[in-house]
Amino acid sequence: MSELAPARRRWFLLGLGMATLLPLTTQTAARLLDLKVLGDVNVTLAFLASGFHVALTSFFYLEPDLAELRRLHRGRFVWAPLGLALGTAALTLWLHGDIAWVLAGYFAWQLYHYQRQNFGVMAFVASSQKVARPTTLEQVALEVAGYAGILGFFALDGFATPRKVGAFAAALHQVGLSTQIAAVLLSLVAMVLRLKREGWSWYPLWHLLCSGFFAGTFILPDIGLAFATYAYAHGLQYLVFMYSLSMARGATVPKLSPIALTFMGLAGSILLMVLGDRTMFSWSKDGLFGAYLGLVMAHFVVDASVWRLGEPTQRAYVRKAFSFIWE
Amino acid sequence: MNDRLKVRLASLCVVALAALTLLWTPLMAGRIDFAQTSAHVRFEQFGDAEPWGRWSIGAQPRVRFDRPLPAHFKARLTARAFGANVGRPIVIRIPGGVAGEVSLSATDQVIEVTLDNPFGSSAIDFTVPAPQSPASLGMNADGRALGIGIASLEVLP
């Protein structure tokens with residue numbers, strides 16, 4: 001066992017915690033204090049947490065240790081991303097840019113993807129805290145929190161939700177709020193049970209944090225602030241995971257080093273920024289914007305495949321790269 | 001049945017139970033007192049609270065709630081107009097919805113307007129025809145461009 005492992009575990013958890021809470025802190029501070037530096041910080045966070053974090057997924061296409069996984073699952077690594085990019089582009093063209101329902105599906109998947117990452121966060125927290133893996137009750141609380149976030153999102157004023165959904169926004173908000181409260185209550189019950197069973201650890205607090213991941217939707221009156229708190233938190237969490245992975249793998253494979261990863265992020269985010277700019281390519285009748293949405297959804301698919309810790313290949317890969325967590 | 005499916009089914013049951021709260025909780029109803037501050041309402045382009053309510057400042061004041069307004073509702077206002085706005089049409093609209101018009105006298109009166117909210121907005125917008133400052137009328141030193149003074153707003157389902 002490495003002597004550095006406990007310290008690395010602490011730093012990793014600290015990084016994840018900061019990633020989760022930093023956007024809430026900086027966004028709130030920017031609204032309370034009129035400081036230019038806070039605005040700059042939030043712009044930087046927005047950049048890192050949007051296209052940049054999505055582009056980091058390209059790491060998995062260069063990873064030699066995942067070559068066999070890519071070969072066995074061409075559907076997830078090749079055909080699904082291609083199909084999503086081309087299919088969504090074709091769909092937006094066919095709909096002549098009237099894509100409210102496409103965006104609704106996209107955002108629902110995006111928020112579900114956010115919460116799936118929180119399941120991963122909890123698995124890592126459990127292992128690094130040396131406590132039992134998430135119980136069924138804890139998993140239900142996290143899942144419920146994800147549904148609350150999706151329901152609340154569609155009730156957020158100002159988003160391009162379809163007209164038919166918008167008419168039910170008040171009801172969606174109400175059900176979302178009740179669901180969010182249920183998620184937090186379930187988390188608190190799970191916390192009591194775990195503390196009784198295992199004694200003190202940071203795990204229950206982490207679980208409460210992840211169960212309240214979307215709570216800003218129901219607490220904060222500012223739509224932009226509510227969305228930014230969790231969207232940026234998700235992106236920053238992903239950066240912590242990917243740079244930790246890159247530091248472990250880059251030591252022996254230079255093309256996977258943190259510097260290489262940063263270039264992947266920059267190149268990919270420029271591509272996504274250009275594709276996602278609906279004004280720049282208005283001649284494409286939103287076809288390129290559809291491709292942008294498809295590429296982001298491809299990130300959901302590839303990511304879900306690689307971090308599937310229930311599968312032996314992925315579990316072995318992650319455990320090796322994050323050996324300090326499991327030591 | 002695998003564990004993930006069990007978790008998903010149990011979670012959907014929780015959401016279904018949460019949906020039952022719709023049966024006994026009104027979606028959005030209640031009276032907003034403009035003389036008070038509220039954690040659930042933001043007054044944009046409105047002045048500070050005064051003992052009777054608060055004045056709008058500028059041409060496009062907005063009241064923003066912390067949750068979406070119902071798809072169709074009646075807004076009951078206790079309000080007055082200032083200066084050149086007395087008797088002139090004041091537009092009330094939910095963003096994306098059809099506008100309603102009211103006219104107000106110089107003293108508080110109760111008016112009702114029916115509003116549609118097709119996009120699930122949480123805001124009510126007002127368009128004030130002639131914001132005017134008391135200073136410009138030689139009344140006092142108040143330089144704020146006042147339009148309407150609202151004492152309360154009720155959302156009636």
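Read-outs: derived from the displayed coordinates by stated rules, not from any lab. Remember, predicted model here, so these are calculated numbers, not experimental data. Cβ atoms come from the backbone with ideal geometry, glycine included; neighbour counts cover every protein chain shown.
Largest GNM mean-square fluctuation across B:41, B:14, B:113, computed for chain B with C-alpha springs under 10 Å, falls on B:14.
What order do you get for B:154, A:3 when you list them from fewest to most C-beta neighbours inside 10 Å?
Ordered by Cβ neighbours within 10 Å, fewest first: A:3, B:154.
In whole Å, how far is the Cα centre of region B:89-157 from that of region A:85-162? Answer, in whole Å: 39.
Comparing B:79, B:130, B:71 in a Gaussian network model of chain B (Cα springs below 10 Å), the most mobile by mean-square fluctuation is B:71.
Placing a pseudo-label 7 Å from each Cα along the Cα-to-Cβ vector at residue A:259 and residue A:34 gives an inter-label distance of 4.4 nm.
Please arrange A:242, A:280 by how many other C-beta atoms lie within 10 Å of their C-beta, fewest to most.
Neighbour counts put them in this order, fewest first: A:280, A:242.
Given R₀ = 30 Å, FRET efficiency for residue B:136-residue B:49 by Cβ-Cβ distance, to 0.05? Could the numbers behind the result be given before it?
On the way: r = 23 Å, r/R0 = 0.78.
Here the calculated transfer efficiency is 0.80.
Using the 10 angstrom Cβ neighbour count as an exposure proxy, how do A:178, A:128 rank, fewest first?
Values: A:178 22, A:128 25.
Result, fewest neighbours first: A:178, A:128.
Other residues lying with their Cβ under 11 Å from the Cβ of residue A:326 contribute a combined charge of +4, Lys and Arg counting +1, Asp and Glu -1. Placing a label point 7 Å from the Cα of residue A:61 along the Cα-to-Cβ direction, the residues of region A:78-97 with a backbone N closer than 17 Å are A:78-89. May I ask for the net charge around residue B:110, where only other residues with Cβ less than 10 Å from the Cβ of residue B:110 are counted and Lys, Arg are +1 while Asp, Glu are -1? Net local charge, residue B:110 excluded: -2.
Local charge for residue A:15 was computed over the other residues whose Cβ lies under 13 Å away, with Lys and Arg +1 and Asp and Glu -1, and equals +3. Summary of the geometry: region B:57-73 and region A:205-263, compared by the centres of their Cα atoms, lie 34 Å apart. Tell me, what is the FRET efficiency for residue B:114 and residue B:31 to the nearest 0.05, using R0 = 25 angstrom and their Cβ-Cβ distance as r? Efficiency, rounded to the nearest 0.05: 0.90.
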